[in-house]
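Single-structure report; data block below.
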Amino acid sequence: KLILMNFLKYTLPNHPYKIVANIPFNQTRKILEKIITVKNTPEIISLVLQAEVGEKICRLEGEHTMLSAYIQNFYEPKIIKSFHRTDYLPMAHVDTVAVLMAFKKNTPDINKPDFFQFIETAFEYPGQPLKNRLKKHFTHNQLKKISANLKINLESFPHTLFSEQWLDLFKLHQRLKV
């Protein structure tokens with residue numbers, strides 16, 4: 001079913017669905033956040049994105065952005081086609097990529113908006129190590145135990161964690177919150 005309307009105002013379906021779109025680049029963050037934090041996420045997402053954004057989403061461990069740290073817990077993103085700005089008439093202002101994100105079979109059963117917000121707050125303070133960024137969520141003693149148990153260097157920065165480590169941190173945060 002093809003739907004032409006403002007995606008941000010559209011209510012996503014409760015049944016299995018796929019999203020294929022060339023989205024406005026100035027709305028990428030809002031659109032991705034809507035797609036990946038809903039309860040019934042799409043089975044497949046195929047988007048044409050600004051090359052820089054697509055490359056960040058598909059980045060491997062050690063160089064995560066907030067979006068890639070979140071997305072890679074639920075999807076397997078990969079660039080399936082690169083387009084140079086000269087491939088378009090009229091010529092585009094930026095290079096683009098087609099990114100395919102396939103939903104992983106065994107994804108965590110967690111509150112996705114809360115997980116998204118957890119990661120987002122940890123990426124908020126540029127130049128600050130993890131120990132400073134996670135103070136909102138954990139006490140000093142909890143951080144010491146987390147460092148030992150999850151083998152996380154709290155002097156490192158958010159982009160260095162594996163996506164699974166973000167999930168482990170969030171699950172621990174949820175248990176300690178109760």
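The values are calculated or read from the model by the stated rules, or taken from the named source; none is laboratory data. All values reported here derive from a predicted model rather than from experimental measurement. Cβ sites come from the backbone with ideal geometry, for glycine too, and all protein chains shown count toward neighbours. When the accessible area is computed, the model is the full protein with side chains, heavy atoms only, and any ligands, DNA or RNA have been set aside. Shrake-Rupley method; radii C 1.70, N 1.55, O 1.52, S 1.80 Å.
Select from segment 139-153 the residues that are within 22 Å of Arg59 (Cβ to Cβ) and exposed (fewer than 15 other Cβ atoms within 10 Å of the Cβ) and list them in ascending order.
Matches in segment 139-153: Leu150, Lys151, Asn153.
With respect to Val53, is the statement that it is modelled with pLDDT of 95 or more, at negative phi and surrounded by 15 or more Cβ atoms within 10 Å (Cβ to Cβ) true? Against the criterion (modelled with pLDDT of 95 or more, at negative phi and surrounded by 15 or more Cβ atoms within 10 Å (Cβ to Cβ)), Val53 does not qualify. Just to be sure before I move on: is Leu143 at pLDDT below 90, outside any loop (DSSP other than H, G, I, E, B) and farther than 25 Å from Lys34 by Cα in the structure I sent? Judged against the criteria, Leu143 is not a match. Where helices (runs of 4 or more DSSP H) sit wholly within segment 57-138, those with at least 3 residues that are of a type outside the set (Lys, Arg) and surrounded by 15 or more Cβ atoms within 10 Å (Cβ to Cβ) occupy 66-71, 112-122.
Okay, residues lined up against (1) open to solvent by less than 40 Å² (accessible area, probe 1.4 Å); (2) of a type in the set (A, V, I, L, M, F, W, C):
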{"site": "Lys1", "(1), (2)": "no, no"}
{"site": "Thr11", "(1), (2)": "no, no"}
{"site": "His15", "(1), (2)": "no, no"}
{"site": "Val20", "(1), (2)": "no, yes"}
{"site": "Ile23", "(1), (2)": "yes, yes"}
{"site": "Leu49", "(1), (2)": "yes, yes"}
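Name every residue in segment 158-178 that is among the hydrophobic types (A, V, I, L, M, F, W, C), within 22 Å of Phe74 (Cα to Cα) and open to solvent by less than 90 Å² (accessible area, probe 1.4 Å), in order of residue number.
Within segment 158-178, Leu161, Trp166, Leu167, Leu169, Phe170, Leu172 meet the criteria.
Put simply, of Thr86, Thr96 the only residue that is among the β-branched types (Val, Ile, Thr) and farther than 26 Å from Ile44 by Cβ is Thr86. Within segment 1-18, residues that are under 16 Å from Asn40 (Cβ atoms) and in a loop (DSSP other than H, G, I, E, B) sit with their Cβ atoms under 8 Å from residues that are of a type in the set (Asp, Glu) and open to solvent by less than 100 Å² (accessible area, probe 1.4 Å), at 6+ positions apart or across chains, in these pairs: Pro16/Glu43; Tyr17/Glu43. A Cβ distance below 6 Å, combined with a sequence gap of six or more or placement on separate chains, defines the contacts here; from segment 121-139, residues that are closer than 12 Å to His159 by Cα reach residues that are open to solvent by 60 Å² or more (accessible area, probe 1.4 Å) and at pLDDT 90 or above in the pairs Pro129/Glu155. For segment 76-93, which residues satisfy the criterion of being under 12 Å from Glu55 (Cβ atoms) and β-branched (Val, Ile, Thr)? Once the filter is applied, which keeps residues that are under 12 Å from Glu55 (Cβ atoms) and β-branched (Val, Ile, Thr), segment 76-93 yields only Ile79. When segment 152-178 is filtered for residues that are more than 18 Å from Pro126 (Cβ to Cβ) and in contact (Cβ under 8 Å) with a residue 24 or more places away in the chain, the ones remaining, listed by number, are Phe162, Ser163, Glu164, Leu167, Leu169, Phe170, Lys171, Leu172, His173, Gln174, Leu176. When the test is whether a residue is among the aromatic types (Phe, Trp, Tyr) and in contact with a strand residue (DSSP E or B) (Cβ under 6 Å, 6 or more places away or on another chain), Tyr88 does not pass it.
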